[in-house]
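Step one of this worksheet: look at the structure below.
The values are calculated or read from the model by the stated rules, or taken from the named source; none is laboratory data. Predicted model, so just to flag it, every value in this text is computed and none were measured. Virtual Cβ from ideal backbone geometry, glycine too; neighbours counted across all protein chains shown. For accessibility, only protein heavy atoms count, side chains too; no ligands or nucleic acids. Shrake-Rupley method; radii C 1.70, N 1.55, O 1.52, S 1.80 Å.
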Amino acid sequence: MKRLLNTLFVLSEDSYLALENENIVIWGEEGKRGQFPLLGLESVFSFSYKGASPALLGACTKRGIGFTFLTPNGRFLARACGAAQGNVLLRKTQYRISDDPNQSCFAARCFIFGKLYNSRWCLERTVRDHGLRVNVEALKRSASFLSATAAEALKETNLDTLRGWEGQAATEYFRVFNEMILNQKKDFFFTVRSRRPPLDCVNAMLSFGYSLLASDCAAALESVGLDSYVGFLHRDRPGRESLALDLMEELRSVFVDRFVITLINTKQILPKQFDKMEDGAVLLNDVGRKTFLNVWQTRKREQITHPYLQEKMQWGLVPYVQALLLARWLRGDLDAYPPFLWK
Amino acid sequence: MLVLITYDVNTTDGEGKKRLRQVAKQCVRHGQRVQCSVFECLLDPGQCKALQAALCRIINMEKDSLRFYYLGDHYQTKIKHFGVKAGYEPEGVLIM
């Protein structure tokens, strides 16, 4: 089994990253700020505007280390990807399936089923753990709607109708999302999903979490030899990592949504860790982002048992394992793609 | 597992200075320098063997010495630092 390695976050805006003797070196105004061997790294997230040296990017892509650039505010900019690697036959199968609407739908409905199943579990879990504090009726109603939709989605053969089911389910899920927030309700509330820019604290954290997860998924797909830009549910669009977004669907609620809710409910994140911009955008500030990433990394190290493989692994390896299962389905070793169904 | 590597390279002649540079360079690739000729490397068993072989090729068995301390997977409780230049935790959160 692959070992979960560390992730390096470069939060200082004016850092320049370079390669030196198989090490990533962080240069600042005052000189060397630090250096880490590439050997122990899984991915690098750079929030600085000064960039990185081509030699470093080359070394990272060669070793399968994901390298992601974000603006100092945390908005995704670019991801380094090197000379195409992996198995060309596998990638061609992927393209063929992506071109065929029927087979695409076969894959897409697995992703959607996973998404609906996991979203429903999040709602059910709130009912189970905090039955006396929440609006049980509303949550139960949404949960049963999600499970009914999941059953329908699993039978669907038309991609557009499938998207319709997904949209309805997402609306229903986000309608009761606010019920899951139990503490600090005055400052953290969820009314509607807003992005570019996020207009409240909860949306800011959701967006940030989703962009971290998307990069992880894309890196995982590339590492098993798939093309992260050619998706089944999300259609092709230049610059969009459609397959990473597909793979992410089933992980959104268990990976990011629950994580954000836990941060709020355990008061690990506080209202003062956000900045409000002139245009109404709400963003995590430096302290907030550090807290977020600290807990995010700790969570990635938690041990779980994979529900399909029945194997112990760390949370952070889940995107990688799912990418591997997807590749096995494309190769014909599995009859269908088994989504990550968490309970 | 965490491996602590220490070395003593005889630098009385030019050859020795060259070996010292090569050993240091090889160690920097695999871990963090905690003191002058002391490195902490987080390696899996395969990487550890490869690093050992590489270092043994460089040193002169007659003049230099090399020591490996295996601290295992739960090394956090086995290390205590005093004074300046505290290292980083290789499995901790790396935020710069």
Original post:
Nearest 100 Å², what total accessible surface is buried between chain A and chain B (probe 1.4 Å)?
Top reply: 1800
Subject >> Length released on extending from A:D129 to A:T171, taking residue separation times 0.36 nm less the Cα-Cα span >> reply: 12.8 nm
Original post:
For chain B, modelled as a Gaussian network with Cα springs under 10 Å, which listed residue fluctuates most, B:R57, B:R19, B:R33?
Top reply: B:R57
**OP:** Would you pull out the residues with amide H under 5 Å of B:V38's amide H, same chain only if 5 or more places away, H placed 1.01 Å from N?
**Re:** none
Original post:
What accessible area per residue, rounded to a whole number of Å², is obtained for the protein assembly as shown using a probe radius of 1.4 Å?
Top reply: 47
Original post:
Using θ = phi - 60° and the Karplus form 6.51 cos²θ - 1.76 cosθ + 1.60, what ³J(HN,Hα) does each residue of the stretch B:5-11 get, whole Hz, x for Gly and Pro?
Top reply: 10, 10, 8, 10, 10, 6, 10
Original post:
Of the peptides B:77-83, B:45-51, B:26-32, how do they stack up when ordered by the mean number of other Cβ atoms within 10 Å, highest first?
Top reply: B:26-32, B:45-51, B:77-83
**OP:** With no solvent and one equal point scatterer per Cα, compute the Debye intensity ratio I(q)/I(0) for the protein assembly as shown at 0.10, 0.13 Å⁻¹ and report its log10, rounded to two decimals.
**Re:** -0.79, -1.23
Subject >> Calculated from backbone phi, Karplus (6.51, -1.76, 1.60) coupling profile of the stretch B:56-64 in Hz, x at Gly/Pro >> reply: 5, 5, 7, 6, 9, 4, 6, 10, 10
Original post:
Around A:E42, what is the net charge, scoring Lys/Arg as +1 and Asp/Glu as -1 over all other residues with Cβ under 12 Å from its Cβ?
Top reply: +3
Original post:
Which of A:W342, A:Y320, A:G288 sits farthest toward the positive end of the charge dipole of the stretch A:244-343, with +1 on the Cβ of Lys and Arg and -1 on the Cβ of Asp and Glu?
Top reply: A:G288
Original post:
With labels modelled as points extended 7 Å from the Cα through the Cβ direction, what inter-label distance (nm, one decimal) is found for A:M277 paired with A:D335?
Top reply: 5.0
Subject >> Charge sum, other residues only, whose C-beta stays under 13 Å from B:V9's C-beta, Lys/Arg counted +1 and Asp/Glu -1 >> reply: +2
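For the peptides A:37-46, B:9-18, what is the packing order when you average, over each peptide's residues, the other Cβ atoms within 10 Å and list the highest mean first? Write out the running numbers ahead of the final one.
Working: A:37-46: 21.9, B:9-18: 13.2.
In descending order of packing, they fall as A:37-46, B:9-18.
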Original post:
Rounded to the nearest 0.05, what FRET efficiency do B:S65 and A:L90 have when you use their Cβ-Cβ distance and R0 = 35 Å?
Top reply: 0.10
Subject >> FRET efficiency for A:E22 and A:K343, using Cβ-Cβ distance with R0 set to 30 Å, rounded to 0.05 >> reply: 0.10
Original post:
Cβ under 13 Å from A:A150's Cβ, A:A150 left aside: what net charge do those residues give with Lys, Arg +1 and Asp, Glu -1?
Top reply: -3
**OP:** Quick one: which residues, 5+ away or cross-chain, put their amide H under 5 Å from the amide H of A:H234? H built at 1.01 Å from N.
**Re:** A:D246
Subject >> Ordering of A:332-342, A:282-292, A:113-123 by burial proxy (mean other Cβ atoms within 10 Å per residue, highest first) >> reply: A:113-123, A:282-292, A:332-342
Original post:
Label A:S144 and A:Q35 with points 7 Å out from Cα along Cα→Cβ: what is the distance between them in nm?
Top reply: 6.4
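For A:N183 and B:Q35, what does the FRET efficiency come to when R0 = 30 Å and r is the distance between their Cβ atoms, rounded to the nearest 0.05?
Rounded to the nearest 0.05, the efficiency is 0.05.
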**OP:** Show A:D160, A:D246 ordered by accessible area, largest first, where the area counts protein heavy atoms only and the probe is 1.4 Å.
**Re:** A:D160, A:D246
**OP:** With a cut-off of 15 Å, note down the residues of the stretch A:169-208 whose backbone N falls inside the zone around a label point 7 Å from the Cα of A:K267 toward its beta carbon.
**Re:** A:182-188
Original post:
If you plug each phi of the stretch A:9-18 into the Karplus form 6.51 cos²θ - 1.76 cosθ + 1.60 with θ = phi - 60°, what whole-Hz ³J(HN,Hα) values come out, in order, with x for Gly and Pro?
Top reply: 10, 9, 8, 5, 5, 9, 8, 10, 9, 9
Original post:
What residues does the stretch B:70-96 have that are buried by at least 40 Å² of accessible area in the full protein assembly compared to the chain on its own, 1.4 angstrom probe?
Top reply: B:Y88, B:E91, B:V93, B:L94, B:I95, B:M96
Original post:
When the Cα centres of the stretch A:237-254 and the stretch B:20-54 are compared, how far apart do they sit, in Å?
Top reply: 38
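Assuming 0.36 nm per residue, please report the length gained on full extension of the stretch A:K290 to A:N102 beyond their Cα-Cα distance.
Answer, rounded to one decimal: 63.3 nm.
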Original post:
Considering only the protein assembly as shown, what is the antiparallel percent among its DSSP beta bridges, to the nearest 5?
Top reply: 75
Original post:
Which distance in nm do the two modelled labels at A:R193 and B:K78 give, with both placed 7 Å along the Cα-to-Cβ direction?
Top reply: 4.7
Original post:
Hey, got the average number of other protein chain Cβ atoms within 10 angstrom for residues in A:35-42?
Top reply: 5
